[in-house]
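Below is one structure, written out as structure tokens, with a few remarks after it.
The values are calculated or read from the model by the stated rules, or taken from the named source; none is laboratory data. Nothing here was measured: the structure is a model prediction, and the numbers come from that model. Positions of Cβ are backbone-derived with ideal geometry, glycine not excepted, and every protein chain shown enters the neighbour counts.
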Amino acid sequence: MLLLIQYTLIFASVLVLVALGGCFSEHGGVINIGLEGIMVIGALGGALMMKYLPAVTSAPLMILCVILGSVLAGMVFSLLLGVAAIRFNADQTLVGTALNLMGPAIAVVLVRAINTAESVDNVSSTVAYGEAKKAFLVNIGGFEFNWFMLIALLILIASYIVLYKTKFGLRLCACGEHPQAADSVGINVYKMRYAGVLISGALGGLGGLVYITAGVSEWKFENGVAGFGFLALAVMIFGQWKPVNIGLAAVLFGLFRALSNVYTGFDALVALNLPSTLYNMLPYIISLLVLIFVSKKSRAPKAEGIPYDKGQR
Amino acid sequence: MNRAFGKKGGLLRNSGVQTVLGSLLCILLGLLVGFIVLLIINPGGAGEAVAAILKNFLYYPSAVAATKYFGTTLVKASALLMCSLSVLFAWKVGLFNIGAAGQYVIGSGACLYLALGLKMPWYICLIAAVVAAGLVGAVSGFLKAYFNVNEVISCIMLNWIGLYCVNMLLAQVKEQSTPYTRTIKSVNGGGLLPTLGLDKLFSNNEFVTVGLVLAVVIAILVWILLEKTKLGYELKATGFNKNAAKYCGMREKRNIILTMAIAGGLAGFGAGIFYLTGIEQWMVQQTSVPAMGFNGIAAAFLGGTHPLGAIFSSYFIQHITSGGTYVDTTMYSSQISDLISAFIIYLCGFVLFFKVWLNKRLDKRDEKLAAKGQKGGEA
């Protein structure tokens, strides 16, 4: 049971972070389908940081550096989307998809290059970080507390405040709802949209880092992040683009994802004798069902996905 | 006066020419980026690696081997062509079918199970692949039409669900000792696509079958359907403006579902003409969706979302993807081709901007010419 809670919370943390990333981007008016790719690149940044930092680094410094690594990697990568979508009016779905394909490709090419440079026979795309990962974990009586759970919670609260209680957040939302109106009162729509995309890059990258450190101590980058970026988008839609709802939705989805890891620990579930593949499918099936129920009355930002054209009436 | 000058820029103003130019630019820049990445990893062999990617089957010195692998590349390209047709068909109707990958998976599952498990002849297997994949596509369309579920997200979810289902299904027809499905050849010879003697053309490459011809025929049929029929017109109209289409008496919900069903069927057909050649066995422990469907997105946009353009772009994408396996793996990994094609998709996002920019430049040039012409007239 403890294990289930632990996994639920860590997967929920991933989903909260990434979904909030999507939330910021979409409130600014840019659809970020590329979160999946951003997660991979963020994970790569963090993993390489863990690999190369000397093992003697103190835990707080380690945490800080690794987070910085993934956040920066995610932000730089998200700029690819930002520039294309905001400056060059590119189709956001298309560019986002390109990001999703580019992310894993870059990660695999880089990691393999690093691995083969270390030893010619090593053509795997795996980065191991078992030692460094320990900095994130605190054992509280059998429960493996991960600092990221706290960080995700803090970011959730911060997002709520930023979006609804600050000038920046309200302006950002204005750019996603009616950019022409926002422009008419002197808000620079382009800048705000860049800000939205960059925040989503930062949170998406961080989410990727949390995902690869949840439970395992090495990551094979060929696997990408297994559709987690899209699950996060489903969480965002389920949460109707509102931080608090996103938090609750993430816990629900996290629970289903965690079940596939730990269902063998529950006698009742084992007794059902379902194939393990079914548990792997569960998060995707649930999200599809959830989407059916919530998409009809969508609260999506009105102008999302539409390139901003100053001259348009 | 102006009109006359407007015509003068003729060739460059032609939208088709602009698309081709844009695509060529995408390819060049994509390769350049790949080259730079290779340079960063290891400056020593970067040039050779790019050459290897571009050469692909020409890597083999003997003409016999080269034609044989040319055949293999063509077979893969024909499946890719179907996936890219799937993506572009939906795109023409305003839908983004990122689910081509999942529909392809379902198609593979259906045709392989029928061929290996039920020992059906090839045409039944092929039809089953189309129908099964079409149904999955229709599910996305249905959810979009009736529940407003974003088709991109529902497609991705279905990709994963489909992958796990197919793994479960095909585990029943796998070899005892390996995670691979049995070969069609050993179980059910009638399940293989007929070669019609095409294999002779490619140094007895048994995988070159009638599928190759069918793929090109279907590309042409898709073009006819989209451009020359009432149904195609209705579908496109629905894509432009759902409400206007509804107002004109078109059944917009039916059109959306039908589009996704056709798109799914196309991807399923691709799976059929790939796996029913026996060229590859399905690995039932796969943890990621095959890249074919995603490469289909690259091919669709590189081909300017035109069915006939897709024939060439699919071949090109497959050519460099296959070529990637020939790079020196002591320095680089074959995924460099994936990186290049991903970057090409990214660049395709800029093609529209490129066109607008080009037209503006042409306008300016024409204006200048017109001004000169007027001065000349006054003097």
**Fill in**
Only one of B:75, B:17, B:50, B:93 is without any contact (Cβ under 8 Å) to a residue 60 or more places away in the chain and closer than 30 Å to residue B:263 by Cα, namely B:17
**Item:** All helices (runs of 4 or more DSSP H) inside the stretch A:210-313 with 2 or more residues being touching a residue at least 12 places away in the same chain (Cβ under 8 Å) and within 14 Å of another protein chain (Cβ to nearest Cβ)
**Value:** A:228-238, A:243-262, A:276-294
**Message:** Here is a check on your reading of the model: is residue A:157 assigned to a loop (DSSP other than H, G, I, E, B) and more than 14 Å from chain B (Cβ to nearest Cβ)?
**Reply:** no
**Asked** Just one of the numbered conditions (1) farther than 27 Å from residue B:358 by Cα; (2) facing another protein chain (nearest Cβ under 8 Å); (3) surrounded by 22 or more Cβ atoms within 10 Å (Cβ to Cβ) is not true of residue A:116; which one?
**Response** (3)
**Fill in**
Given the conditions (1) assigned to a loop (DSSP other than H, G, I, E, B); (2) within 8 Å of another protein chain (Cβ to nearest Cβ), every one holds for residue A:122 apart from (2)
**Item:** Only listed residue being more than 14 Å from chain B (Cβ to nearest Cβ) and closer than 23 Å to residue A:130 by Cβ, chosen from A:68, A:44, A:4, A:20
**Value:** A:68
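Each row is one residue, and each column tells you yes or no for (1) among the β-branched types (Val, Ile, Thr); (2) more than 27 Å from residue A:153 (Cβ to Cβ).
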site	(1), (2)
A:258	no, no
A:262	yes, no
A:266	no, no
A:273	no, yes
A:279	no, no
A:285	yes, yes
A:290	yes, no
**Request:** Output yes when any residue across the stretch B:350-361 is surrounded by fewer than 13 Cβ atoms within 10 Å (Cβ to Cβ), farther than 16 Å from residue B:17 by Cα and away from chain A (no Cβ under 14 Å), and no when none is.
**Result:** no
**Prompt:** Has the stretch B:116-123 got at least one residue that is under 27 Å from residue B:224 (Cβ atoms), within 14 Å of chain A (Cβ to nearest Cβ), not in a loop (DSSP other than H, G, I, E, B) and not β-branched (Val, Ile, Thr)?
**Reply:** no
**Message:** Looking only at residues that are modelled with pLDDT under 85, over 20 Å from the mean Cα position of the chain (by Cα) and surrounded by fewer than 15 Cβ atoms within 10 Å (Cβ to Cβ) in the stretch B:16-47, which one is nearest to residue B:342 (Cα to Cα)?
**Reply:** B:47
**Prompt:** Within the stretch A:50-106, can you find the residues that are charged (D, E, K, R) and in contact (Cβ under 8 Å) with a residue 12 or more places away in the chain?
**Reply:** A:51, A:87
**Complete:** Picking from A:235, A:244, the residue that is of a type in the set (Val, Ile, Thr) and more than 16 Å from the chain's Cα centre (by Cα) would be A:244
**Prompt:** Quick one: in the stretch B:326-340, which of the residues that are within 13 Å of another protein chain (Cβ to nearest Cβ), out of contact with any Ser or Thr (no Cβ under 6 Å at 6 or more places or on another chain) and part of a helix (DSSP H, G or I) is surrounded by the most Cβ atoms within 10 Å (Cβ to Cβ)?
**Reply:** B:340
**Request:** State yes or no: is residue B:115 within 21 Å of the chain's Cα centre (by Cα) and buried (at least 24 other Cβ atoms within 10 Å of the Cβ)?
**Result:** no
**Item:** Single residue of A:98, A:105, A:90 found to be out of contact with any Phe, Trp or Tyr (no Cβ under 8 Å at 6 or more places or on another chain) and buried (at least 24 other Cβ atoms within 10 Å of the Cβ)
**Value:** A:105
**Request:** Return yes or no: is residue B:276 surrounded by fewer than 24 Cβ atoms within 10 Å (Cβ to Cβ) and at pLDDT 90 or above?
**Result:** no
**Prompt:** Where in the stretch B:246-325 are the helices (runs of 4 or more DSSP H), entirely inside, with at least 3 residues that are in contact with a Ser or Thr (Cβ under 7 Å, 6 or more places away or on another chain) and within 14 Å of another protein chain (Cβ to nearest Cβ)?
**Reply:** B:292-302, B:307-323
**Request:** Please specify each residue of the stretch A:58-74 satisfying the condition of being closer than 23 Å to residue A:27 by Cβ and surrounded by fewer than 24 Cβ atoms within 10 Å (Cβ to Cβ).
**Result:** A:71, A:72
**Asked** So how many residues does the stretch B:334-379 have that are aliphatic (A, V, I, L, M), in contact with a helix residue (DSSP H, G or I) (Cβ under 9 Å, 6 or more places away or on another chain) and at pLDDT below 85?
**Response** 1
**Message:** So residue A:150 ticks every box in (1) within 27 Å of residue A:222 (Cα to Cα); (2) away from chain B (no Cβ under 14 Å) but one. Which box is left unticked?
**Reply:** (1)
**Message:** It is to be established whether one or more residues within the stretch B:166-177 are under 21 Å from residue B:83 (Cβ atoms) and under 24 Å from the mean Cα position of the chain (by Cα).
**Reply:** yes
**Message:** Condition first: facing chain B (nearest Cβ under 10 Å) and either of a type in the set (A, V, I, L, M) or in contact with a strand residue (DSSP E or B) (Cβ under 7 Å, 6 or more places away or on another chain) (or both). Now tell me which residues in the stretch A:84-96 satisfy that.
**Reply:** A:84, A:85, A:90, A:94, A:95
